[in-house]
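*Asks:* Structure incoming, see below.
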Amino acid sequence: MLIQLALYVHSTRRGKFEVWEQVLDDLRLHGDERILDMGCGRGAVLLAAARRLPSGSAVGIDLWRTVDQSGNAEEVTARNAVAEGVADRVELRTADMTELPFGDGEFDLIVSSLAIHNIPTAELRARAVREALRVLRPGGRLVIADIFKTREYTTVLKAAGASDVTLRSLGWRMWWGGPWVSTRLVTALAS
C-alpha cells in the first residue's frame, strides 16, 4: 500500500507535469498556434501549452466543478496564469465539452487531460470527442490523456474520419496507484 500511495503522490505532484512537458515538447509547436484545453481545471496543461506560444493563444474551458477536481475554480486558474506569466495569452471560459461554443476549425491543437472520463455516458463522451474534431482545423492535432475510456475515444475518432489515431501508455509517472489505473494518450489528426 505504501508503494501505491507513493505512486499516486508522485503522479499528482510531479509525474503528470513531467509527462505533459514531454508530450507538448514532442508536438514541436511553432508558437503561433491557437490551442484549446478541454476540461482545463486549475490549468496545468493549459499554462504549460501557453508558455510555448509567444505569439499564439490558449483557451481553457471547464464547468469548474469541484466534484471533478478539488480547488477547481476559474479564479484559481486565472491566478495561476498570472503567476506563470502567461495571462496575456490565456482565455478562460465556462463551457461544456459536449457543446463547444466555437466555430468549425478554430483551433490548431486541442488537449484534454484526465477530464473526458468525467462525462457520465458513452454517448456524451463520444459527442465531446466529435466536438473536439469539429473545432479543429483540417490537419489540426488532438491529444487526450485519460485513465478510462481511451479505447472508446479511438473508436469514435476513427468513425468520425480522424487520421493517424494512436493510443499508448504514458508510463509509470502517470500511474494513479499502480498500472491498473494508468494514463493512456490518444492522438489524432483532423481531416
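*Asks:* Taking just the C-alpha trace of the range 29-137, give me its Rg and Dmax in Å.
*Replies:* Over the range 29-137's Cα set, Rg and Dmax evaluate to 13.1, 38 Å.
*Asks:* Relative to the present Cα-Cα distance, how much length would full extension add between A83 and T66 at 0.36 nm per residue of separation? Walk me through the intermediate numbers first.
*Replies:* Working: separation 17, 0.36 × 17 = 6.12 nm, distance 2.15 nm.
Using 0.36 nm per residue and subtracting the Cα-Cα distance, I get 4.0 nm.
*Asks:* According to a simple spin-label model (label point 7 Å from Cα along Cα-to-Cβ), what is the distance in nm between R51 and A73?
*Replies:* Placing both labels 7 Å along Cα→Cβ, they lie 2.5 nm apart.
*Asks:* Then there's this: At 7 Å along Cα-to-Cβ for each site, give me the label-to-label distance between L167 and D25 in nm.
*Replies:* 2.8
*Asks:* Something else: What label, among [x] 47, 39, 31; [y] 50, 32, 29; [z] 65, 31, 28, belongs to Cα extents along the principal axes in Å computed from the structure on display?
*Replies:* So the structure-derived entry is [x].
*Asks:* Which residues' amide hydrogens lie under 5 Å from the amide hydrogen of I110, considering only partners 5 or more residues apart or on another chain, with H built in the peptide plane?
*Replies:* Sorted by chain and number, the residues that satisfy this are L36, R141, L142, V143.
*Asks:* Let me ask something additional. State the antiparallel share, in %, of DSSP beta bridges confined to the chain, rounding to the nearest 5.
*Replies:* Details: 12 of 31 bridges.
Antiparallel bridges make up about 40 percent of those DSSP assigns within the chain.
*Asks:* Out of residues 5 or more away from E91 or on other chains, whose amide H comes under 5 Å of its own, with H placed 1.01 Å from N in the peptide plane?
*Replies:* Amide H neighbours of E91: A58, V59, G60.
*Asks:* Counting alpha carbon pairs within less than 8 Å and at least 6 residues apart, what relative contact order, in whole percent, applies to the chain? Before the final figure, lay out the partial values.
*Replies:* Working: 382 pairs, mean separation 41.9, N = 191.
This gives 22 percent for the chain.
Bear in mind that the values in this text are calculations on the coordinates, not laboratory data. Predicted model, so just to flag it, every value in this text is computed and none were measured. All Cβ positions, glycine included, derive from the backbone under ideal geometry; neighbour counts span all protein chains shown.
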